[in-house]
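A short reminder: the numbers here are calculations on the coordinates, not readings from a lab. It should be emphasised that the depicted structure is a prediction, and the values quoted were computed from it without experimental measurement. Here Cβ is always computed from backbone atoms with ideal geometry, including for glycine, and neighbour counts include all displayed protein chains.
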Amino acid sequence: MKILFSLLALLSFSAQAAIIKADGSSTVFPITEAVAEEFQAFKKGQVQVTVGISGTGGGFKKFCRGETDIQDASRPITKSEMETCKGANVKYYELPVAYDAIAIVVNPKNSWLTSVSVDDLKKMWEPSAQGKVTKWNQINAKWPSEEFKLYGAGADSGTFDYFTEAVTGKSKASRGDYTASEDDNTLVLGVANDKNALGFLPLSYYEENKSKLKLISVVGGPKSPKKSAGVLPSKKTVEDGSYYPLSRPIFIYVNAESYKKPEVKEMVEFYMKNAITLVEQVNYIALPSSAYETNLKHLEKNKVGTVFKGEAEVGLTIKEILKKEQSL
Amino acid sequence: MDQLSKEQIKKLIRSHKLKDNIFEILGLILLLCSLLVLLALIIDLSTDGAARISKSFLTNFPSRFPDKAGILSAWVGSTLVMFVTAASAIPIGIAAGVYLEEYAKKNLFTAIIEINITNLAGVPSIIFGLMALGIFVYKFNFGPSILTAGLTLGLLILPIIITATREAIRTIPSAIREAAMAVGATKWQTVKHHVLPYSTGGILTGIVISLSRAIGETAPVITIGALTFIAFLPNAPISTEAPFIHFDWIFSPFTVMPIQMFNWVSRPQQEFHVNAAAAGMILLLMTLSMNAIAIYLRIYFRKKIKW
């Protein structure tokens, strides 16, 4: 009985605290989790924050019904999501919070590949390649005549949306005969155990598994700042925009109605002021401090809406994002 | 019919005994195989996670730092959800089982009910989650709360409890019922004083095994919108001030052990995978101790039966 009571004492919570609800992308989750953790510690339990993972798309459904205060998004809001939000009269602030890069990786035993162009990636991944393009030498005659195996994020993931947009030119347009997994660790294992594997992953998964994978540089082509030179993803190449086109901004969207509540306002401001430190701690690439200042200004001046007009643009540099955001 | 010689009979017995022995050995091997799988699972989890289990692991909230992260909100969430599940499924399940076995007439109507209960036991758990999302979360407006999760898992295990209750009741010889009737007991008195007490062991086993299943369920709980990061606990159900018992915790947001594990497994950092293994050990421990209780209860109640 004593144990029972001490357990109950453990469960007891003094005052009714305000709850802030965040949900959405698993890519943005570690950042919002870090902010939530720090903010709750900062407020000493006065405010409670919950963070869910419903994916960017699933999260927007809840967000546009007004069920959540903050939406984690690994891509900008789409046209149909804008319509849904509008229909429910949900207005929102769009705040870029960090940069994420998609890494192209192969097995360490792969000796023929150190660099790959976006065109080559397109030949491998485009829908029409399904069942037809199966061997390395079909892409490049110098490569072996062995079958390659592709690994990548599944269709529910924002990473998949972005990769297909950047490589095949159309969001979600991809061949279907590849190993798809929503769990990036599965992809790491797949590529690490298969000599003929090629996969795409968020950069942080490569960084935790450097010994098991080989990172490939990406040749961005004429639109890229480095033209035909291969570029490896890193903090520097993402920041200066030379890792083209596989780096992307990630966002939070804040419900404008929720933002009127003092606790939400305080948390979002806390988010922007501490983002640089926290983003780096969870292995993402922080935006320059001017970006967070722009965000704060938008909040202050009540500038709701999106600058993307429902279209995900590929390979935006941090400068371009900043310029775009200022146009609001 | 030809007379078999003594030799032939002996031969026949020998060959049958051999078959008997072969089956026994086969059975033993199969049993060991399933035990080995469990053992491998436990060893694998404990080599990865045992070192991570500590008091702070049980009393810390999740964190972005793997060494500070704990499972407090997850195990409290799991425990509270199980409480609601048990409170909703057990009374309904036992009552339904007793009705079907003792009261219901054998007709088309009960046949349809029986078929549906069997079918319900085979429905994938995610379907229950989708149904709960539509009915509990939106229609009844319970939100993604402990109450919703408890009721969903309660529905999930209801068919198991009904079936276990019926099986347990069937093992009671009808002579007992007839004897009770003979001394003038009503049906309800027979059920209350004889049928239920004698089948308690079997029913409890069924209940605990079904709860052990429910505690590991992930899909329906994710579907109704359980959270991943939650660093506070629901309000306490009991307090020192009037009215002493509170129910606002059932509407609280929550997370459960399998979701916390799933989140950690999908992180890039190896240290989080270790956390997941440690959480897995705790979850396994919870399940095994529930099974141990089931075994104890079965023995305890079997001893009490004096026919």
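Seen from B:Arg267, the other residues with C-beta closer than 11 Å to its C-beta sum to a net charge of -4, counting Lys and Arg as +1 and Asp and Glu as -1.
So if we plug the beta-carbon distance of B:Arg170 and B:Ser34 into 1/(1 + (r/R0)^6) with R0 = 25 Å, what FRET efficiency do we get, rounded to 0.05? Could the numbers behind the result be given before it?
Numbers: r = 27 Å, r/R0 = 1.07.
Efficiency at R0 = 25 Å is approximately 0.40.
Suppose we keep just the DSSP beta bridges with both residues in the protein assembly as shown; what percent of those would be antiparallel, to 5?
60
Rounded to the nearest 10 degrees, the angle from helix B:108-122 to the longest Cα principal axis of chain B is 60 degrees.
Applying 1/(1 + (r/R0)^6) with R0 = 60 Å to the Cβ-Cβ distance of B:Glu7 and B:Lys304 gives a FRET efficiency near 0.70. Kirkwood radius for the protein assembly as shown, taken over all pairs of different Cα atoms as the inverse mean of 1/r, rounds to 28.1 Å.
Among A:Val105, A:Val133, the ranking by other beta carbons within 10 Å of each residue's beta carbon, starting with the fewest, stands as A:Val133, A:Val105.
What does the highest-first list of B:64-70, A:66-72, B:19-25, B:161-167 look like by mean Cβ count within 10 Å? Numbers along the way, then the final one.
Working: B:64-70: 17.6, A:66-72: 25.0, B:19-25: 10.0, B:161-167: 23.0.
Final packing ranking: A:66-72, B:161-167, B:64-70, B:19-25.
For the peptides B:146-156, B:217-227, residues were scored by their other Cβ atoms within 10 Å and the scores averaged per peptide; the highest-first order is B:146-156, B:217-227. Here's how it looks for A:Leu287: its modeled amide H is under 5 Å from those of A:Tyr99, which are all 5 or more places away or on a different chain.
Multiplying the residue separation of A:Val133 and A:Ser290 by 0.36 nm and removing their Cα-Cα distance gives an extension gain of 52.0 nm. Relative to the dominant Cα principal axis of chain A, helix A:262-281 is inclined by about 40°. Highest mean first, the peptides A:201-210, A:91-100 sorted by other C-beta atoms within 10 Å per residue fall in the order A:91-100, A:201-210. A Förster radius of 41 Å, combined with the Cβ-Cβ distance separating B:Ile245 from B:Ile115, puts the computed FRET efficiency at roughly 0.50. Working note: 222 nm ellipticity from helices only, DSSP H runs with n ≥ 4, each -39,500 (n - 2.57), summed and divided by the residues of chain A, gives -11000 deg cm²/dmol to the nearest 500. Normalised by residue count, region B:1-52 yields a Cα convex hull volume of 53 Å³ per residue.
Please state the charge dipole magnitude for the protein assembly as shown, taken about the Cα centre, from unit charges on C-beta atoms (+1 on K and R, -1 on D and E), reported in debye and rounded to the nearest 20.
Dipole of the protein assembly as shown, to the nearest 20 debye: 1160 debye.
Annotation: amide H of A:Tyr92 within the under-5 Å range of A:Ala256, A:Gly305, sequence separation 5 or more or interchain, hydrogens built in the peptide plane. Within the shell of other residues whose beta carbon sits under 12 angstrom from the beta carbon of A:Leu187, the net charge comes to -2, with Lys and Arg scored +1 and Asp and Glu -1. Summing charges over all other residues whose Cβ lies under 11 Å from the Cβ of B:Pro66, with Lys and Arg as +1 and Asp and Glu as -1, gives +2.
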